[in-house]
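Structure, as structure tokens:
The values are calculated or read from the model by the stated rules, or taken from the named source; none is laboratory data. It should be emphasised that the depicted structure is a prediction, and the values quoted were computed from it without experimental measurement. Using ideal geometry, Cβ is built from the backbone for each residue, glycine included, and neighbour counts are taken over all protein chains shown. Each accessible area value is taken on the protein alone, full model and side chains, heavy atoms only, with ligands, DNA and RNA left out. Shrake-Rupley method; radii C 1.70, N 1.55, O 1.52, S 1.80 Å.
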Amino acid sequence: MLNIDLHCHSHVSDGVLPPSDVVTRAAANGVHVLALTDHDDVAGLAEAQLAADQAGIALIPGVEISVTWQRRTVHIVGLRIDPLHPALAYGLHDIRVGRGLRAQRMSEDLARHGISNAYEGARDYAVNKQMIGRTHFARWLVEQGHARDVRSAFKHFLTAGKPGYVEHEWTTLDNAVSWIRASGGMAVLAHPGRYDLSTRQLHLLLDAFRSLGGEGIEVVTGSHHPDEYGKFANLARAFGLKASRGADFHRPDEGIDLGRLPALPHYCKPVWQGWPEIENLFAHTH
């Protein structure tokens, strides 16, 4: 069995390790195929590729794109993308510009609630200064003693109705899927269990995603409870979508580690079915 992990982050977005260290850790954990999927940025892929060549594992170039769908934020993972494709590069650049503006507004809102200098604090946590996100604010809030851990920082701040949360318009679902497809990649809906959607809304999202050319859905992910794997495997089958597996790794002491998830349910059709990278590896391991 190949150990395939198709969702993780480096310090190019809101992870804490450099891309090369993410790859080295994955290899040490027995991962054969890894996708680096930083938020809205592909700047870590070249470094990750060098590390993957040294470690002897296959690297899948990826990205996780922030999308606004029906006034909700959802994430679309692009796998096997061409990071240099102009449509994708320009689109991601625009999102990063918006990200910077959002960070300033989040800081202003926290200041109105008596927490000052949050932007500077979050910025210190971001290695890539174009990519200050909620996780950087959360880590700073923990350091300052406003929250016990990152999870409670999100619970008490940074989410709808709480200090530090601001409405933000990301790109559209149509844009995200079309940029990924234009660059030769496959669009996968990230961690659908995280979006707090009713069954009807989730079905509408899956329908819209598939009709735009989306091909996969994360079934086994660090963001899903094990009880949910079967639910999303069944939805993948019902909507004719392939299934993906990824830890959504950010840092060693947070969430599930790289390559440590269980396998996809046996009846799923994996997103990697037919990928030459996989077939080559499979041939070498048999």
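Some points to look at:
- The GNM of the chain, with springs linking C-alpha atoms under 10 angstrom apart, assigns the highest mean-square fluctuation among 250, 203, 224 to 203.
- Per-residue SASA remark: residue 186, around 20 Å² accessible (1.4 Å probe; ligands, DNA and RNA not included).
- Viscosity 1.002 mPa s, temperature 20 °C, Stokes-Einstein D of region 7-144 from Kirkwood C-alpha radius, µm²/s: 136
- Descending by average beta-carbon neighbour count within 10 Å, the peptides 191-199, 238-246 line up as 238-246, 191-199, the highest first.
- For region 105-223, the equivalent ellipsoid derived from the alpha-carbon gyration tensor has semi-axes of 32, 17, 14 Å in decreasing order.
- Choice from 129, 269, 155 showing the highest fluctuation, given a GNM over the chain with Cα pairs closer than 10 Å: 155
- Protein accessible area in region 1-115, 1.4 Å probe - carbon and sulfur %: 54
- At least 27 Å along the helix axis (C-alpha) and Kyte average at least -0.5, DSSP helices within the chain: 86-112
- Residues considered: 214, 185, 230. Largest GNM mean-square fluctuation over the chain, using C-alpha springs under 10 Å, is found at 230.
- Gyration tensor verdict on region 103-144 (Cα atoms; rounded if a/c is under 1.5, prolate if a/b is larger than b/c, oblate otherwise): oblate
- 1.4 Å probe accessible area per residue over region 24-145, in Å²: 43
- From most to least packed by mean Cβ count within 10 Å, the peptides 81-89, 166-174 give 81-89, 166-174.
- Under 5 Å from the amide H of residue 171 lie the amide H atoms of 68, each residue being 5 or more positions distant or on a separate chain, with H modelled from the backbone and absent for Pro and chain starts.
- Links that overshoot a 30 Å alpha carbon limit, given the list 162/242; 155/231; 155/269: 162/242; 155/269
- Solvent-accessible area of region 167-234 (1.4 angstrom probe, protein heavy atoms only): carbon and sulfur portion equals 44 percent.
- Helix-only arithmetic for the chain: the sum of -39500 (n - 2.57) across DSSP H runs with n ≥ 4, divided by the residue total, places the mean residue ellipticity at 222 nm at -12500 deg cm²/dmol.
- Of all DSSP beta bridges in the chain, antiparallel share, percent nearest 5: 45
- For 60, 256, the ranking by accessible surface with the largest value first comes to 256, 60, using a 1.4 Å probe.
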